[in-house]
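Engineer: This is the structure I have questions about; it appears just below.
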Amino acid sequence: MNHTLNSLVTEQPNPQTDDMDQLPSGEIMELINREDRRIAELIQPLIPVIAQAADHIVTSFQSGGRLFYVGAGTSGRLGILDASECPPTYGTPPSMVQGIIAGGFRAVKDPVEGAEDSEEAGGMDLKQHGLRANDVVVGIAASGRTPYVLGAMNYARQLGAVVIGLSNNAGTPMRAISDVSIEAVMGPEVVMGSTRMKAGTAQKMILNMLTTTAMIRLGKVYRNFMVDLNPSNEKLVHRAKRMIQLATGAQENEIEQAFTAANGHVKTAIVMLMADVDADEAGRRLENADGFVRHAIAGSG
């Protein structure tokens, strides 16, 4: 028996749910919901640390670096989920934010027994992705001690990359090897040890905060519009045109003309309409403004 694991907060029984196996569905859900409501409140005091992590990610992106999430099981899947949503939302190349999971892609769907127990595998997987010193690695593990994740973090540290740890316990081995340690302690789970629940929800919220904040800081959001989205299907084309309308107040025919002239690039269309310039001039302004729409509208570039 692993007595160290037994001491983790995420491995403790929750006294609030001790008799839930005798309850009807609605009352079970009330217990789950009561525990879930605490998650955002417990994350709020961590914002300064999460912001520090986001600043490292922004600096990395500005130097051509990339963000790697590394995890096993639920933590690995959440990293892959966040990474996979960046290209359609913010128009980023798939290489810019990447998720790596113990056991490889098959582990996204099926458990790969024992994959998380190898520190060497974590380092090797990052090596195969060509990790560089200007990249950022976020190790994600509810326990804060998953060997695969620690191995990846140690490899990144040796290479000189920024290392961020995201765990759901305090004072774990992650802390010693992290430049920034985010310890999102959510307390015992409704079902003991089921860290796909509160721990996983907290991880999802924090990963959202990291990439959303970084993308805003990079100029990929104008006001609160995701103006770098990739309009790759009918729904997203509709969303793109609606953002242009909300941002500019232009008429439908003007929006259609600008959207076509801009080859579906929302930022270009907005600058065209707001600054009364053609697509070439809008593109030049955006390039000179490092993609920030406000600056492109305001100046001649």
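The values are calculated or read from the model by the stated rules, or taken from the named source; none is laboratory data. Given the structure is predicted, the values throughout are model-derived calculations rather than measurements. Positions of Cβ are backbone-derived with ideal geometry, glycine not excepted, and every protein chain shown enters the neighbour counts. Keep in mind that these areas ignore ligands, DNA and RNA; they rest on the heavy atoms of the full protein, side chains included. Shrake-Rupley method; radii C 1.70, N 1.55, O 1.52, S 1.80 Å.
Engineer: If you go through segment 242-262 one residue at a time, how many are β-branched (V, I, T) and either in contact (Cβ under 8 Å) with a residue 60 or more places away in the chain or not in a helix (DSSP H, G or I) (or both)? Give the derivation first.
Structural biologist: Of all residues in segment 242-262, those β-branched (V, I, T) come to 244, 248, 255, 260.
Now narrow it down to the ones that are either in contact (Cβ under 8 Å) with a residue 60 or more places away in the chain or not in a helix (DSSP H, G or I) (or both): none.
Residues in segment 242-262 being β-branched (V, I, T) and either in contact (Cβ under 8 Å) with a residue 60 or more places away in the chain or not in a helix (DSSP H, G or I) (or both): 0 in total.
Let's see how each residue does on (1) aliphatic (A, V, I, L, M); (2) open to solvent by 10 Å² or more (accessible area, probe 1.4 Å):
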site: G26; (1), (2): no, yes
site: E30; (1), (2): no, yes
site: D36; (1), (2): no, yes
site: V49; (1), (2): yes, yes
site: I57; (1), (2): yes, no
site: Y69; (1), (2): no, no
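Engineer: Separate question: How many residues does segment 85-103 hold that are surrounded by fewer than 15 Cβ atoms within 10 Å (Cβ to Cβ) and among the polar types (S, T, N, Q)?
Structural biologist: Residues meeting the conditions: 1.
Engineer: Quick check on this structure: which one of R239, R196 is open to solvent by 30 Å² or more (accessible area, probe 1.4 Å), assigned to a loop (DSSP other than H, G, I, E, B) and of a type outside the set (A, V, I, L, M)? Reasoning before the result, please.
Structural biologist: Details: R239 fails: assigned to a loop (DSSP other than H, G, I, E, B).
Only one candidate passes the filter, namely R196.
Engineer: Identify, please: which residue in segment 104-120 is free of Cβ contacts under 8 Å to residues at least 40 places away in the same chain, closer than 19 Å to L150 by Cβ and of a type in the set (A, V, I, L, M, F, W, C) and is, among those, most open to solvent (accessible area, probe 1.4 Å)?
Structural biologist: V112
Engineer: Output the residues belonging to segment 13-24 that are assigned to a loop (DSSP other than H, G, I, E, B) and either in contact with a strand residue (DSSP E or B) (Cβ under 7 Å, 6 or more places away or on another chain) or open to solvent by less than 60 Å² (accessible area, probe 1.4 Å) (or both).
Structural biologist: So the first thing to find is which residues in segment 13-24 are assigned to a loop (DSSP other than H, G, I, E, B), and the list is 13-14, 18-19, 23-24.
Answer for segment 13-24, where residues must be assigned to a loop (DSSP other than H, G, I, E, B) and either in contact with a strand residue (DSSP E or B) (Cβ under 7 Å, 6 or more places away or on another chain) or open to solvent by less than 60 Å² (accessible area, probe 1.4 Å) (or both): N14, L23.
Engineer: I've got another one for you. Show the residue pairs meeting these rules: Cβ distance below 7 Å; 6+ apart or different chains; first residue within segment 272-289 and within 15 Å of G219 (Cα to Cα); second residue among the hydrophobic types (A, V, I, L, M, F, W, C) and surrounded by 19 or more Cβ atoms within 10 Å (Cβ to Cβ).
Structural biologist: Note: pairs meeting the criteria are R285/V271; R285/A296; L286/V271; L286/A296; A289/A296.
Engineer: So, one more: Look through segment 171-181, keep the residues that are more than 12 Å from A142 (Cβ to Cβ) and among the hydrophobic types (A, V, I, L, M, F, W, C), and return whichever of them is least open to solvent (accessible area, probe 1.4 Å).
Structural biologist: If we filter segment 171-181 for residues that are more than 12 Å from A142 (Cβ to Cβ), which is where we start, we get 171, 173, 175-181.
This time we only want the ones that are among the hydrophobic types (A, V, I, L, M, F, W, C), so: 176-177, 180.
On the way: A176: 84, I177: 25, V180: 4 Å².
Only one residue tops the list, namely V180.
Engineer: I need the full set of residues from segment 16-34 which are in contact with a helix residue (DSSP H, G or I) (Cβ under 6 Å, 6 or more places away or on another chain) and either touching a residue at least 60 places away in the same chain (Cβ under 8 Å) or of a type in the set (D, E) (or both), in order please. Please lay out each step first, then the result.
Structural biologist: If we filter segment 16-34 for residues that are in contact with a helix residue (DSSP H, G or I) (Cβ under 6 Å, 6 or more places away or on another chain), which is where we start, we get 17, 20, 28, 31.
T17, M20, L31, listed by residue number.
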